[in-house]
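Reviewing the structure listed below.
Read the figures in this text as sums done on the coordinates, not as results from a lab. All of these numbers come straight from a predicted model, not from anything done at the bench. Every residue, glycine among them, receives a Cβ derived from its backbone with ideal geometry; neighbour counts consider all protein chains shown.
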């Protein structure tokens, strides 16, 4: 049995970030907050949802650490904190690099096959990719 | 009212990809499949979950387009398709660039403030970031 479970990078932070990003309303809210802080009412306004519904989305974003709320009397202003997104980007880019490497190998193999048996044509080197 | 809803990039593809990535078991399954194709049994083995539970996770990954299943008799072999991950990486990197830009502006403002009133010391240029 191959135990790959112990190699899993990230954890609860990634769970929360990806969960937060899995909804179009929450992604739109983050987009709005990238421009400037906004009140809960302003965040809810463009959507055909109740203030309570918007508030639930905002709570998911808060739990993921992507926004923090500033309370002044009855006005709740939401501020963006983009830092947790880096963990998500890193998780994806780590695996993208791995898979890109595999694609290079596959491409080289396919080119070798294209050259056909009995020819002396060497397979070209794998496509070069930008280092990131 | 600011209508930022119409500017939302991505859509159902992003919903599915981020939803798939929001669970540590599913992320571990993708990691295992990056190495080689695996049967449903092999994917389930490292986890303390039933085969039915593992199957549900695999279905979420399938719906997100991240794996496809090859059926030979009673053996179901899962193959990775990493392409949908690019959409997720692009969504995050788009906003990271935006926020990085804002941080540069903030940093410049803070340095101006540090220089203090009445001094002729100019604020240094914003930190240069790698273009991606």
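Between identical copies, the spacing of residue A:56 label points, each set 7 Å from Cα toward the C-beta atom, reads 1.9 nm from nearest to farthest. The ranking of A:27, A:69 from fewest to most other beta carbons within 10 Å of each one's beta carbon is A:69, A:27. Between this copy and the others, label points of residue A:112 are 6.0 nm apart in ascending order, each placed 7 angstrom from Cα in the Cβ direction.
As a proxy for reagent exposure, A:49, A:67 were ordered by neighbouring Cβ count within 10 angstrom, fewest first; the result is A:49, A:67. The label point for residue B:51 and the one for residue A:83, both projected 7 Å from the Cα toward the Cβ, are 4.6 nm apart.
Per-residue shielding of A:25-35, expressed as the average number of other chain Cβ atoms within 10 Å of the residue Cβ, stands at 5. By the count of neighbouring beta-carbon atoms within 10 Å, fewest first, A:50, A:55 end up ordered A:50, A:55. Chain A comes nearest to the axis taking it onto chain B at the Cβ of one residue; that residue and its distance, in whole Å, are A:18, 2.
Counting from the shortest, the label point at residue A:73, 7 Å from Cα toward Cβ, is 7.6 nm from the same position in each remaining copy.
Shape descriptor for region A:14-84: Rg over Rh equals 0.93 (Cα atoms; Rh from the Kirkwood inverse mean 1/r).
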